[in-house]
Amino acid sequence: LGPLAGRFDVDALDECDSTSSELMRRADRGAPAGTVIVADRQSAGRGRRGRSWLSSPESSLTFSVLWRFPGNAAGLSGLSLAVGVALARALDSLGATGVRLKWPNDVLLEVDGEFAKLAGILIELSSDRRGTQAIVGIGLNLSAPTEALPQAVAGLADAGVTAGRHDVLAAILSELAGVLDTFGEAGFAGLKAAWQGYHAWQDLPVHILGEEQTLSGRCLGVDADGSLLLDTGERIERIFSGDVSLRRA
Ligand code: ATP
């Protein structure tokens, strides 16, 4: 990892249930911040709300990073957005075109006005007296999965990136180091402009699907606290919870 040595300590596994679950167990046993688990195969890769993340050794890069922040989880709601900025910057540095971000945790690829899911970010926080531990899970498609999924999917190859998985991981960790520093000092406020620069659906009509209701309006992007701003025509709604799904109208 060259200059990253000392900030991240990467353990590469052939297989595990989920890199985030494995990292959580290691964190419980005292693993330091900066521990990274990358696995060729996951038998139980997770998304949000119990959803599954599909991966295969040929087509995916799946890894998780342990980080710690002082204080409680209150200021960390923008962390998945911050990690999205690191991913987008890293993929750009590898020559990708069309990388966009979707609130709160997806990286999309835009090709000819169509959007497909390239990567997902899963943040799991736990706090105690000493501060807050973040397990940052990232699943990135190197090539698009062949399984049928409810949404369009894409791989890095579709973005024009030819780098191998080691170089992709190194590029992401390199950007992540800087982004986590900025986030630690200034919170998401320090990265909001960068996120907006990658926003997939700025000023476009969207639906926000919640458990009980759907809100529709024009997507105004994110605020410094990581919330999504939606212009319903009658008022500006601020959406904090990640337990909703954003869709193009
Ligand atoms: P939504 O887009 O509905 O808000 P989400 O952000 O909650 O979804 P995640 O938790 O990030 O979704 O990811 C899980 C979902 O991603 C799965 O339900 C599946 O539809 C989709 N998915 C699973 N594996 C992949 C993959 N390798 N590439 C792209 N999408 C995937």
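Read-outs throughout are calculated quantities, based only on the coordinates presented, and are distinct from any laboratory measurement. Predicted, not measured: the structure shown is a model, and the values here were computed from it. With ideal geometry, Cβ positions are generated from the backbone for all residues, glycine too; neighbour counts draw on all protein chains shown.
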Problem - Sites residue 235 and residue 203, calculated FRET efficiency, Cβ-Cβ separation with R0 30 Å, nearest 0.05 - result: 0.95
Handout entry: Most mobile of 46, 238, 100 in a GNM of the chain (Cα contacts under 10 Å)
Key = 238
Exercise for the section: Report, in debye and to the nearest 20, how large the dipole of the chain comes out about its Cα centre when Lys and Arg carry +1 and Asp and Glu carry -1 on their Cβ. Expected result: 420
Practice task
Could you run the Karplus curve 6.51 cos²θ - 1.76 cosθ + 1.60 with θ = phi - 60° over the range 208-218 and give me ³J(HN,Hα) per residue in whole Hz, x for Gly and Pro?
Solution key: 10, 8, x, 5, 10, 9, 10, 10, 10, x, 9
Handout entry: Length-normalised contact order for the range 2-198 - Cα pairs under 8 Å, 6+ apart - percent
Key = 23
Fill in the blank from the handout: Diffing the range 99-115: the Karplus 3J(HN,Hα) column from phi (6.51, -1.76, 1.60, θ = phi - 60°), in whole Hz with x for Gly and Pro, holds 6, 9, 10, 10, 5, x, 8, 10, 10, 10, 10, 9, 10, 6, x, 9, 10
Exercise for the section: Anything in the chain that counts as a DSSP H helix reaching 24 Å or more along its axis (C-alpha) with Kyte-Doolittle mean of at least -0.5? List them, would you? Expected result: 165-186
Problem - For the range 1-70 versus the range 171-220, the gap between their alpha-carbon centres in whole angstrom - result: 22
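Hey, can you rank 81-87, 34-40, 196-202 by average C-beta count inside 10 Å, highest first? It would help to have the intermediate numbers written out before the result.
Numbers: 81-87: 26.7, 34-40: 21.0, 196-202: 17.4.
Listed from highest to lowest mean packing, they are 81-87, 34-40, 196-202.
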